[in-house]
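The values are calculated or read from the model by the stated rules, or taken from the named source; none is laboratory data. Not measured: the values here are computed from a predicted model. Reconstructed Cβ throughout: ideal geometry from the backbone, glycine too, with neighbour counts over all protein chains shown. Heads up: the accessible areas ignore ligands, DNA and RNA and are worked out on the full protein's heavy atoms, side chains in. Shrake-Rupley method; radii C 1.70, N 1.55, O 1.52, S 1.80 Å.
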Protein chains: 4
Amino acid sequence: MAGNSFGTLFRLSTFGESHGSAIGGIIEGCPPGIELDMDFIATEMARRKPGQSAITTARNESDTVEFLSGIFKSKTLGTPIGFIIRNKDVKPDDYSEIEHTFRPGHADFTYEKKYGLRDYRGGGRSSARETACRVVAGAIAKLILKAYDIHINAFVTQVGPIKLEVPFEKLDLNSAEASIIRCPHAETAQQMIDYIEIIKAEGDTVGGIIQAVIKNVPAGLGEPVFDKLQAQLGKAMLSINAVKGFEIGSGFDSVNYKGSALNDVFEMRDGKMVTTTNHSGGIQGGISNGMPIVFKVAFKPVSTIMKTQKSVTKTGKETSLTAKGRHDPCVLPRAVPIVESMAALVLVDFLLLQKTIETSTS
Amino acid sequence: MAGNSFGTLFRLSTFGESHGSAIGGIIEGCPPGIELDMDFIATEMARRKPGQSAITTARNESDTVEFLSGIFKSKTLGTPIGFIIRNKDVKPDDYSEIEHTFRPGHADFTYEKKYGLRDYRGGGRSSARETACRVVAGAIAKLILKAYDIHINAFVTQVGPIKLEVPFEKLDLNSAEASIIRCPHAETAQQMIDYIEIIKAEGDTVGGIIQAVIKNVPAGLGEPVFDKLQAQLGKAMLSINAVKGFEIGSGFDSVNYKGSALNDVFEMRDGKMVTTTNHSGGIQGGISNGMPIVFKVAFKPVSTIMKTQKSVTKTGKETSLTAKGRHDPCVLPRAVPIVESMAALVLVDFLLLQKTIETSTS
Amino acid sequence: MAGNSFGTLFRLSTFGESHGSAIGGIIEGCPPGIELDMDFIATEMARRKPGQSAITTARNESDTVEFLSGIFKSKTLGTPIGFIIRNKDVKPDDYSEIEHTFRPGHADFTYEKKYGLRDYRGGGRSSARETACRVVAGAIAKLILKAYDIHINAFVTQVGPIKLEVPFEKLDLNSAEASIIRCPHAETAQQMIDYIEIIKAEGDTVGGIIQAVIKNVPAGLGEPVFDKLQAQLGKAMLSINAVKGFEIGSGFDSVNYKGSALNDVFEMRDGKMVTTTNHSGGIQGGISNGMPIVFKVAFKPVSTIMKTQKSVTKTGKETSLTAKGRHDPCVLPRAVPIVESMAALVLVDFLLLQKTIETSTS
Amino acid sequence: MAGNSFGTLFRLSTFGESHGSAIGGIIEGCPPGIELDMDFIATEMARRKPGQSAITTARNESDTVEFLSGIFKSKTLGTPIGFIIRNKDVKPDDYSEIEHTFRPGHADFTYEKKYGLRDYRGGGRSSARETACRVVAGAIAKLILKAYDIHINAFVTQVGPIKLEVPFEKLDLNSAEASIIRCPHAETAQQMIDYIEIIKAEGDTVGGIIQAVIKNVPAGLGEPVFDKLQAQLGKAMLSINAVKGFEIGSGFDSVNYKGSALNDVFEMRDGKMVTTTNHSGGIQGGISNGMPIVFKVAFKPVSTIMKTQKSVTKTGKETSLTAKGRHDPCVLPRAVPIVESMAALVLVDFLLLQKTIETSTS
C-alpha cells in the first residue's frame, strides 16, 4: 500500500509528476491473446483529454500513449504492458509563488508535510494528470469486459444545483457522449453547460455528481468481509482527485426506508432469479447478484479558482494567492471516463479472482 | 485480495462462520512492547455485543476473547497475535427453510452463486458476527493511537427520519456512550430510541447515519494516488455489513458550493498552520493535514424483518419467508464501535507506513 | 512481508509461540467443495510429530488440530479455514537461564535485537514448533493436488557422512515411509539410523540433505522474472528452520558441466514433447516444463546440544550454557513432511494463478 | 505474485521484452530527499552491460537509463521513480527458425505452454535483458545502504573447474573489479579468463559460482517464519536467470559438521557481542545478527551454444537447431552486479520494515 498500485491480479502501477518529462505505468496480469484495439484506446484518452471542449481547461496535451512492452503482433502477451505519455505542454512558468506558498484546497501543504520536499510545478504527483494512466488501463480492462458482454456507463447527473431528474432506466445512456457535459438528457445537459459557462465567467468552479450503471455483471463477483465489491468500488472512486463521497444502490437515501420497503425480494423472471427492485445496487453481502451495479460519486469544485484567496507561506507568513494558467471550471465531463476506468479495473480484477474459485470445483 | 485480510503493515486476518465453533483472527505487525489493557479490550467488545440494551438483538454471546499468542507478561511481542471467540449461543434451530430459500437482502443467493455451496446457518461467513474480530483488533489499534494522543469518536447522527441537528463541534462527543443509541445529544437520542421501539413493535427495521471525528492526527498520513486516506477509510467503512454510503468532509453536500466557498484557506493560529474551515474533512490530496478527520457512513435497515416476504427457492420456485429468531431492529448503536475500530486499523497502518518515510530522511 | 504469511491466492498465515497456549493459522483461498479427509491430515501431522521414534525428541505433543471454520458437512466452503493446535506438553521449567543468556545457534539474540523483548520459553516464535501449522495447510494442499494427480515425495538422501548413492529413479520413493529416517533405500536408511544413535549418545547433533521429487506437474506453472517457480520453492525451503541451502535440478553441480552437456534437449516420446535429460529439474525460465520437479535442501545440525558451550548474557557477561530438556539429535526425518508441505503450498498457489491465465484465453 | 514485482515497501516492478522498443520499471517506496548520484548509477549499469570485455557477448547496448519521474532537483521525491532503457541493438534478424522451434535450455517451450503465444525474438520477456532494470534499482538501493555504511561485495569464486581457494577474509574484495572476470585473486582470475577463452573457442559455455559478502548489516533485519532474511535472499538470487543453487553461510557443507562444531558461540569482542565463528552466514532464526552476511549462488552454463543441438518444433517434429548471433560464453562477470543489486533490494526493504518496529517502541 505504497499508494501507486491498484488491483491484485489485474494490477496497474503508475508513476509521474504533472510537469516531469513523462507519466506512465505498468499493467500486470492482463490475460494473453487479447487483441488491443488501439483506436478504442485513443478514443477513451480523448474523452479525458484537456481542451476537448469550451467547458474544460485549455491545457493542450495530445496524450499520445506509447506502449513499450507486453504486446506482439497487436495481441497481449500476458507479460506486463509498459506505457508512457510524454508531458508536452509544460510551460516554463514562474512557479516561484507556489514554491513558497500553499494553495488552498490543494495537496501542496500535505505533500510538504509528508515528504519534506515536493515538486511544486503544477502539483507534481498530486495533479489529476496521473488519471490519464488510469484511462489507459481502464480502456484495456473494458476490452476484456467486452468479451463478457459487460458494459459500463457513467454520466453526469448533477452540476451545482442542476440535477438530472429522470431516472436512468428511462434514458439512452449512450447518448451521454452527445453532449460535452456527458449528461444523457439533452435539456438538462444544456442547463448544466449554461451553468458552467456562468461559473467560468465568474472565475469560479463547481462540482457535481456522476452516476455509473454496469450491466451484465455475472453473479458471484466480489470477495467476503474486507474486499466486498462495493468496498473496492468505493476505494477506487474515492482515490480519484476531488471525490468526496460514494454511495452504492440507494446509498444515503436508504435511511429513509424501513427494511420491509428497502429489501429487494426475489422473483423468477424469464426463468431467471432476479430481484424485483434494485435498492442494493446489484450487490448483496459484498458479492454481485446479477442485477445492474449502480453507484454515485460526488465531486467537489476544482480547487484552483481565478480569484484571490488567503494562504500562508512555508515559513508561516500569511499572504494571498491568485491562480494563473489554465484550469477546468468543472471537472465532471472529464471525470466520466475516469470513473468508468476505475470501475473496469475493479471488475476485471474480481473476474480473474473468481476464475480461481469456479474452475477449481469443476 | 481474498477478502479476509485488512491492512498492509498492521494487518488483521479473520476467519469464522456465525454458527461454527468459533470465529477469530490474527493481528500481524503490532509493534512490540505495548502494554495490552485487557479491561479496555473487554469494554470495547461490550459496546458491540448483542443483547446490550432493549434496542438490540437478544442473542446472548459473552464474546470473551481468548488470546493465544503474541503477548508475554502482558506486553506485545511484535509477533502475530492470534485470538478466538467461541460461538456459544448457537441454537439447534431448524434451518431447513433457509437452506433451500434465499432470504431477501441477505447474502444467501450471492454466496451460493459464488461458491456453489454455503453454510446457511445464520448467514455463515456473511453474518455480521465477524465484526467482533474487527473490534478486537480495533481496540488494540486504539491503544497504539492513544500513545500518539489520537482519539476517535463515532456517534449516531440519524435514525430513520430523526436527525441530530446540532453540529458536532458544539457537543461533548464522549457523552454519546451515555445513551443506548450512542447519540451525543440527549434529547435527540431519546427520540431515536422511541422511534426504534415503534419500528421494533412493527416487526420492521430502520437504518441511519454514523459520523466519526478523529482528532490529533498528524499531517502526512495517507499515500498518494490509489491509497489516499479517504479511499482507504471509505473501503474500510464500505466493508462493514449494511453500509451503503461514505462521505468525507462536506461529502455530497460539496456539490452545493462554489470552489471559492468550499476551499479551506490557510491561516496561522497559535503559531500553527491550520485551515479556517474544514470542508475537506482533514484530508488534502489524500493526505491528512492535521485538522480533524470527519466522515459519515450510511447504514441501510437490517434485512431480517419479522414480516412475511416473497422469495425464491434454490430450484427456482417462488415462495415466501418469515424470519424467526432474534434480530436487531436497528444496527446503529452496535455499529459505532465497528466504525471506530475500522478507522483505527486504517490510521495505525498509515502511521507505521509513515515511519518508513520520516525516519529515512533523518 | 511481515513474515507470518505465505502465498498469494492460496495463503497460509500462522501465529503462536512454542510455549504459549496454542499455535494456529488461517488458510485463505482454499477452493470450495473439497472433501477434507481428516484421517489423511492426521497421518501427515503424525509424520512431523515429536516422539514418533527413537531418533526424535521425546517431547510429547498429540498435535491434534481443531478446525474452527471454513468447513461444513466435511467440505470446504471457500471461506478461510481457521485452526488451532494446543500446546500441551509445556513444562513449568526453569527458563531463568536462557532468559538472560543467548543460546548459540538459536534466535535468542536476534529476536532480542529485533523486538527489544522476547518470549524466551523454548524459543517462542522462533521454535520449529510453528512448522506444525505448515503441515496442516500442506496436507490440505496435497488433497487439492491429488485431484490433478500431482504427487510430492521428499526423502532423506544424506545424514552427516552417510549418503544415498542410488539415484532416485531406481527407487520406490513411497518406501521411504518404511524407515524411521525416511530414506527409500533400506540399507542406507539403517546406516543413517545407526549414525544418529551414535551422535545422540555423544549428546551431539547432525544435519543432512532432503531431496524432493514432484511428478505430473503440468507445464506452465510459475511466473516470469521475480516469481520463478524455483525462486518461490527456494524461498519456501529456506524459510524452514535449520535450512542452509537449496538447489534445483543439477544445482551446484551444474558448474561441472559445459552448456553442450547440461542443456536438456527436446525429443518426442509417446507423442509428447519431453526433454531427454532433466538437469533443469523440471523448470525452464522459471516455469514448469512437465518433467519431474527435483530439488535438494540442506539442513544444518540442530543447535541444541547436550554439551556445554560458551555464550554471553544479555548484559554482556561471558558465560557458559548446557541445554536441558528433550531435543532431536537429527531433524531430518521430521523435516520430510515439512518440505513436502511447503512444496505443496507453492504448487497450489501457482495452479490457482495459472487458472487466471488459461481460462481467460478460451 | 504476478511475477514482475519484487519487494514490499521498497518495490521494483519491471516490464519489457528483449527486442521490444524498451524495457523499464517503477521503483516505489524510495525514501524522499536522497541525492541520486547519476555517475554511480551509470557505473553500475556499465558493470552489467554487454560488450564490456572480450569474455562477454558482443551485443552492443549503451543501456542509457532515462529517469522519467520521482526526482526533482537531483533528489528523490518519495514518489515512484519511473525509468526506461531503450532497446537499441535490435537486429532485423530472421527469427523464423525459433518462432517454430524450441531452443534447448531456454524458456521458449514453457512460455508457449503458459501463455499460448510468445514474443520469440531473443527470448522476449524471458531474456536476461530484464536484469538491467534490476541494476538500476539496485544502484539506488546501494545509495540508500551507503548512508548506513552497509557494503555489498559479490565476486566470482568458481568458473567451471577453476576455483578460488583463498578464503574471502584474506582478500581485498574491492580488487575484484580489477579483472574482467571479477575475481579478487589475480592469479585465479587469469586462470578463469583463460578457461573461458577456451570454452568460447569451442562454441560452448560454462557456469560458475558467485559469493557475496555484506558488511555492517545491523542486527535485527529479516522477518520471522516465512520471510526469513535467507529465504528472501534465496528467492532474490534464484529469480536471476541461470541460477540453480543458493546457500547461506556454511550451506550444503553444514552436513559435514556436528552441532558442537557448527554452532557459532557468542563472545565479547571490543565490548560488542559477536560470534566467534560465522557458519550461520550472519543470520540466526532468519534475522541478521550483525556479523557479515555471506552466501553463494550457482550459475549453470548459458543455454545458447554455437553447436548444433536436437530439438522439436511447435507442431512436434524432431529437428535440430544451431544458434546464431552474439552470446556470452560465461555469464558470471556480468552477473556480479545483478547479485549485488538483488541483495541491495532485499536489505533496503528489510531496513524500511524494521523502521516500523524500532521507532514504535521508542
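Counting Cβ atoms of other protein chains within 10 Å of each residue's Cβ and taking the mean over peptide D:277-284 gives 3. For B:Asn60, inter-copy separations between label points set 7 Å beyond Cα along the Cβ vector come to 4.0, 7.8, 8.8 nm, shortest first.
Taken over the stretch B:250-317, the convex hull of the Cα atoms encloses 190 Å³ per residue. Put the Cα centre of the stretch C:203-232 next to the Cα centre of the stretch D:130-183 and the gap is 27 Å. Protection proxy ranking for C:247-259, C:11-23, using the average of other Cβ atoms within 10 Å per residue and placing the highest first: C:11-23, C:247-259. Over all orientations, the protein assembly as shown has a Cα convex hull whose mean projected area works out to 49.3 square nanometres. Of the residues D:Thr110, D:Gly271, D:His185, the one whose Cα sits farthest toward the positive end of the charge dipole of the stretch D:5-361, with +1 on the Cβ of Lys and Arg and -1 on the Cβ of Asp and Glu, is D:Thr110.
At full extension, B:Thr308 and B:His100 could sit 73.2 nm farther apart than now, given 0.36 nm per residue minus the alpha carbon distance. Springs between Cα atoms under 10 Å define the GNM used for chain D, and in it the highest mean-square fluctuation of D:Lys49, D:Lys307, D:Lys235 occurs at D:Lys307. Across the identical copies, the 7 Å label point of C:Glu99, projected outward along Cα→Cβ, sits 5.5, 6.1, 7.5 nm from its counterparts, in ascending order.
The residue among A:Thr205, A:Leu321, A:Leu238 whose Cα reaches farthest toward the positive pole of the charge dipole of the stretch A:5-361, with charges on the beta-carbon of Lys, Arg, Asp and Glu, is A:Leu321. Once Lys and Arg get +1 and Asp and Glu get -1 on their Cβ, which of D:Phe252, D:Gly285, D:Val297 lies farthest toward the positive end of the dipole of the stretch D:244-301? Checking the options against the dipole of the stretch D:244-301, the answer is D:Val297.
Sort A:Lys310, B:Lys317 by heavy-atom solvent-accessible area, probe 1.4 angstrom, most to least. It would help to have the intermediate numbers written out before the result.
Numbers: A:Lys310 100, B:Lys317 135 Å².
My answer, sorted largest first, is B:Lys317, A:Lys310.
Compute, for chain C, the length of the dipole vector about the Cα centre, with Cβ point charges of +1 (Lys, Arg) and -1 (Asp, Glu) only. Units Debye, rounded to 20.
Once rounded to the nearest 20, the dipole reads 700 debye.
Modelled spin-label separation between A:Ala46 and A:Lys272, with each label point placed 7 Å from Cα along the Cα-to-Cβ direction: 3.3 nm. The charge dipole of the protein assembly as shown, taken about its Cα centre with unit charges on the Cβ atoms of Lys, Arg (+1), Asp and Glu (-1) only, comes to about 0 debye.
Counting only other chain Cβ atoms within 10 Å of each residue's Cβ, the peptide D:205-213 averages 3. Cross-link reach is defined here as a Cα-Cα straight distance under 17 Å, omitting same-chain residues fewer than 8 places apart; for B:Lys307 the lysines meeting it are A:Lys258, B:Lys200, B:Lys324.
In this simple spin-label model, placing a label point 7 Å from the Cα along the Cα-to-Cβ direction at both A:Ser62 and B:Asp172 gives a separation of 6.7 nm.
The distance linking the stretch B:1-59 with the stretch B:305-362 is 12 Å (Cα centroid to Cα centroid, whole angstrom). Each Lys and Arg adds +1 at its Cβ and each Asp and Glu adds -1 at its Cβ; summed about the Cα centre, the stretch B:261-353 shows a dipole of about 840 debye.
Comment: the Cα-to-Cβ extended label point of C:Asn174, at 7 Å, lies 6.1, 6.2, 7.0 nm from its counterparts in the other copies, nearest first. Loop-located trypsin sites (Lys or Arg not before Pro) in the stretch D:76-149 (DSSP state not H, G, I, E or B) with no more than 15 neighbouring Cβ atoms inside 10 Å: D:Lys88. Averaged over the residues of peptide B:14-23, the number of Cβ atoms from other protein chains lying within 10 Å of each residue's Cβ is 6.
With N residues in the stretch B:5-361, what two-decimal value do you get for its Cα radius of gyration over 2.2 N^0.38 Å?
After normalising by residue count via 2.2 N^0.38 Å, the value is 1.03.
Could you rank the peptides B:167-174, D:198-205, D:239-246, D:148-155 by their average count of other C-beta atoms within 10 Å per residue, with the highest value first?
Packing order, densest peptide first, comes out as D:239-246, D:148-155, D:198-205, B:167-174.
Database remark: amide H of C:Lys228 closer than 5 angstrom to the amide H of C:Glu223 (H placed geometrically; neighbours at sequence offset of 5 or more, or on other chains; Pro and chain starts carry no H). Take every Cα pair under 8 Å whose residues are at least 6 apart in sequence, average their separation, divide by the length of the stretch C:5-361, and the relative contact order is 22 percent.
Long hydrophobic helices in chain D, taken as whole DSSP H segments with a C-alpha length of 27 Å or more on their own axis and mean Kyte-Doolittle hydropathy at least -0.5: D:332-361. Note on B:His279: accessible area approximately 40 square angstrom, rounded to 10, probe 1.4 Å, nucleic acids and ligands left out. Grab the DSSP H runs of chain D that are 4 residues or longer, score each as -39,500 (n - 2.57), total them, divide by all residues and round the 222 nm result to the nearest 500 deg cm²/dmol. When only DSSP H runs of four or more count, the value is -8500 deg cm²/dmol.
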